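One structure is given here, and the rest of the page talks about it.
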Amino acid sequence: MKKIVLTSMMTVLFTAGMTNCVKAEPAKNEPPAHFYEQNTMSTLWFQQAGEAKALYYQGYNIGKMRLDELLNNKQYNQALKPAIVLDLDETVIDNSPYQASLVLNGKGNPLDWSEWIERAEAKLLPGAIDFLRYADSRNVEIFYISNRNETHKAATIKNLQKLGIPQADKAHVLLKQEKEHGKEARRQAVAKAHDILLLFGDNLGDFHGFDGVDAAGRRTAVDKHRNEFGKKLIVFPNPMYGDWEEALYQFDRKKSWKEINKLRKQHLQSISK
Ligand SMILES: [Mg+2]
């Protein structure tokens, strides 16, 4: 999970726990309000743009088509159980109200990330529930692999169950263990007895082969896997935060907001003079 990077970076520093982050040291200096305001547009887009909604429907529609194709033609390892793997935050459920609170109020006000999770009030994203119920009706096992901390397991399952999400139980909701980095180990554990037909996520880290890669390397890796998108890997849009942003800062959570701001500007590709 998650955050915006100073909404992102600093926020992570403040809320430690949304993602696969290690506990960070306190920020050197508190970012000013205008720094958080940089996430006004991305959060507005996520909450208000019909285009954002359409992309979620698009992703889940493609998922259903692929699931039908693979199951109907038995295009999977028959010795294993068919399964799908989904991320939770900004894939199945919507934490943008938390992001909006950061933009409007600065860090964690009125709730920090942990308190927001414990409220178990995140809403569904478009298309998710219909797709998940369909997959469940086709006897596909559904695993929710999230980098929320294991300590939030009860609240996370409570939130999912309130929304009527199928297979939302201890065996299928796999959260980040202490000292764990990334999701690969959990995917491998699922793959021992299951053929993972499809993976869904808003972060490339929700798929194999992208952990810890810098921004340019991530783009190159996407080119390499180009044929997998819409086929096995379903990506959702998240302009608010993610590894895409942290990669710009070399995943260094100790950087000050001024350094982060500088790096943001440096990475903009403008018109040449
Ligand atoms: Mg996510």
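Only residues that are surrounded by 18 or more Cβ atoms within 10 Å (Cβ to Cβ) and either at pLDDT below 95 or over 20 Å from D136 (Cα atoms) (or both) were counted across the range 183-202, and they come to 3. Residues in the range 124-145 that are buried (at least 16 other Cβ atoms within 10 Å of the Cβ) and assigned to a helix (DSSP H, G or I): 6 in all. Whether a residue is in contact with a helix residue (DSSP H, G or I) (Cβ under 9 Å, 6 or more places away or on another chain), touching a residue at least 24 places away in the same chain (Cβ under 8 Å) and part of a loop (DSSP other than H, G, I, E, B) was assessed, and K64 does not pass this test. A count restricted to the range 103-130 and to residues that are more than 16 Å from the ligand (Cβ to nearest atom) and not acidic (D, E) stands at 13. Examine the range 17-26 for a residue that is at pLDDT 95 or above, within 23 Å of the chain's Cα centre (by Cα) and surrounded by 14 or more Cβ atoms within 10 Å (Cβ to Cβ), and state whether such a residue exists. No, that holds for no residue. Suppose the filter is buried (at least 19 other Cβ atoms within 10 Å of the Cβ), part of a helix (DSSP H, G or I), at pLDDT 95 or above and charged (D, E, K, R); does R148 pass it? Criteria not met by R148. Is there a residue being more than 22 Å from Y241 (Cβ to Cβ) and either assigned to a loop (DSSP other than H, G, I, E, B) or under 20 Å from the mean Cα position of the chain (by Cα) (or both) anywhere in the range 31-40? Looking through the range 31-40, none of the residues is more than 22 Å from Y241 (Cβ to Cβ) and either assigned to a loop (DSSP other than H, G, I, E, B) or under 20 Å from the mean Cα position of the chain (by Cα) (or both).
Does V222 qualify as being part of a helix (DSSP H, G or I) and either in contact with a strand residue (DSSP E or B) (Cβ under 6 Å, 6 or more places away or on another chain) or within 16 Å of the ligand (Cβ to nearest atom) (or both)? No; evaluated as a whole, the condition is false for this residue.
Per the conditions (1) of a type in the set (F, W, Y); (2) touching a strand residue (DSSP E or B) at 6+ places or on another chain (Cβ under 7 Å); (3) buried (at least 18 other Cβ atoms within 10 Å of the Cβ), the sole criterion not satisfied by W257 is (2).
Take G205 and decide whether it is closer than 22 Å to F131 by Cβ and assigned to a helix (DSSP H, G or I). Criteria met by G205. In the range 203-219, the residue that is nearest to the ligand (Cβ to nearest atom) out of those that are of a type in the set (D, E) and surrounded by fewer than 17 Cβ atoms within 10 Å (Cβ to Cβ) is D211. Suppose the filter is under 27 Å from N227 (Cβ atoms), acidic (D, E) and within 16 Å of the ligand (Cβ to nearest atom); does D87 pass it? Spelling it out, D87 is indeed under 27 Å from N227 (Cβ atoms), acidic (D, E) and within 16 Å of the ligand (Cβ to nearest atom). Enumerate the pairs (first residue in the range 180-203 and without any contact (Cβ under 8 Å) to a residue 60 or more places away in the chain; second residue anywhere and assigned to a strand (DSSP E or B)) with beta-carbon separation below 6 Å, excluding pairs fewer than 6 apart on the same chain, so at least 6 apart or on different chains. Every condition considered, the pairs that remain are R186/I145; R186/L174.
Screening the candidates N109, N72, N77 for the property of being of a type in the set (S, T, N, Q) and touching a residue at least 60 places away in the same chain (Cβ under 8 Å) yields one hit, N77. Of all the residues in the range 225-239, those that are away from the ligand (no atom under 14 Å from the Cβ) and either exposed (fewer than 13 other Cβ atoms within 10 Å of the Cβ) or farther than 27 Å from L67 by Cβ (or both) number 2.
The values are calculated or read from the model by the stated rules, or taken from the named source; none is laboratory data. Values in this document were obtained by computation on a predicted structure and should not be read as measured data. Note: ideal-geometry Cβ built from the backbone for every residue, glycine included; neighbour counts use all protein chains shown.
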